[in-house]
1. Have a look at 297, 263, 169 and report the one farthest towards the positive end of the charge dipole of the chain, computed about the Cα centre with Cβ charges (Lys/Arg +1, Asp/Glu -1).
2. Report, in debye and to the nearest 20, how large the dipole of the chain comes out about its Cα centre when Lys and Arg carry +1 and Asp and Glu carry -1 on their Cβ.
3. So what's the convex hull volume per residue for the Cα atoms of the chain, in Å³?
4. Set the Förster distance to 45 Å, then compute FRET efficiency between residue 40 and residue 178 from the Cβ-Cβ distance, nearest 0.05.
5. Between 188, 29, 92, find the one with the highest GNM mean-square fluctuation for the chain; connect C-alpha pairs within less than 10 Å.
6. Please compute P(r) over all alpha-carbon pairs of the range 123-210, binned at 10 Å starting from zero, and give each bin as a whole-number percent.
7. Compute the length gained on full extension between residue 77 and residue 247: take 0.36 nm times their separation in residues and subtract their Cα-Cα distance, giving the result in nm to one decimal.
8. At q = 0.10, 0.12, 0.18, 0.19 Å⁻¹, what log₁₀ I(q)/I(0) does the range 1-116 have when each alpha carbon counts as one equal point scatterer in the Debye sum?
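The values are calculated or read from the model by the stated rules, or taken from the named source; none is laboratory data. Please read these numbers as outputs of a predicted model, since none were measured by experiment. Cβ coordinates were reconstructed from backbone atoms using ideal geometry, including for glycine residues, and neighbour counts include every protein chain displayed. In case anyone asks, the SASA skips ligands and DNA or RNA and just uses the protein heavy atoms, side chains included. Shrake-Rupley method; radii C 1.70, N 1.55, O 1.52, S 1.80 Å.
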Amino acid sequence: MTVHVLFENEDWMPPLRRALADRGLEWVEHFVDGGVIDLASLPEDAVYINRMSPSSHTRGHQAGVVYTRELLGWLEATGRRVVNGSRAFTLELSKVQQHASLEAFGIRTPRTIAVIGNADPREAARQLPAPFITKHNQGGKGLGVQLFEDHESFDAYVEAGRLEPSPDGVLLLQQYIRPVQPFITRVEIVDGRFLYAIRSSTEGGFELCPADACAIGDSMCPVGGEAEAQTNEGEARFQLRAEITAADPLVRQYVAFMATHRLDVAGIEFVEDADNTRWTYDINGTSNYNGGVEAEHGLDGMGAIADLCVRLLQTPAQQGLHRVAAR
Ligand SMILES: Nc1ncnc2c1ncn2[C@@H]1O[C@H](COP(=O)(O)OP(=O)(O)O)[C@@H](O)[C@H]1O
Ligand SMILES: [Mg+2]
């Protein structure tokens, strides 16, 4: 039996290929920017890994997101094993859904207001104290993230037509959490197991995408260039946060949250304020891992994903109830 990898960003593939090859697995890669689904057929009995990026539209591949959403439903309806299936993908595509689900789970998120369609964002922003930020509901790479210190500057920004639309048309206005120290934390979890947490400097803007290749041509995600991989003080932008362990109460909540929402793989981000309150604001299902941090500390996120594939390949598939098959 094979592993099928659904992906859209070639840059993220080499570490996954290495991890699958190291375990002697066979896999087929599917670059997804659209496709055909014939509901009269059955998908191959295999393990499917969803590595579809919510920022696909920035590379001209938004149709891949639409295709993947439908494909995952079909795979699951036919009993196929999927790493990060439809529930995970729903969360991946919407911070509104993320925040609602996190809050329902007792995990604190920044106050967030979604603005859609003809609603006036300037008016909606009045419900939030300044400073606040804008961001895209369907994000990744810090898209649409802007900080506003007061409502007047936001009004001017909107009136100048500078507000960039999120690909799904959902604009978020969000309470700004001033980090007590200039970094955010990202917690990596795979298959119910805490791997590690890294800290990412917030100096020089809003960014966090720890993959080595993600940065190319994207100032919001500066991991690629040598110079940009450091902070002003010459520290590495991404560092292990070794004091965060599996026993941390927030990490335990994340692990439980992921089990409830059938998230097999995720990097979950939080920021700490001056009162040491930790605010969770982003869940990344297409987690990418920083090669420098992993090499320094002997960590292997993609290896954990490949191990999950091995486990799934050894688990019997559920019997899919499929009317076509029964005919
Ligand atoms: N509410 C917030 N308060 C303070 N900083 C934030 C907040 N939300 C996001 N940021 C900063 O902006 C970055 C990008 O925002 P995020 O929600 O992670 O979007 P994306 O899905 O595009 O990664 C974060 O890594 C963090 O540095
Ligand atoms: Mg993020």
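1. 263
2. Dipole magnitude for the chain comes out near 1140 debye.
3. Convex hull of Cα atoms, per residue: 147 Å³.
4. The formula returns an efficiency of 0.20 here.
5. 29
6. Reading upward from the zero bin: 15, 40, 31, 11, 2.
7. Extending this stretch completely gives an extra 57.6 nm.
8. Scattering profile of the range 1-116, log10 relative to I(0): -0.36, -0.51, -1.00, -1.07.
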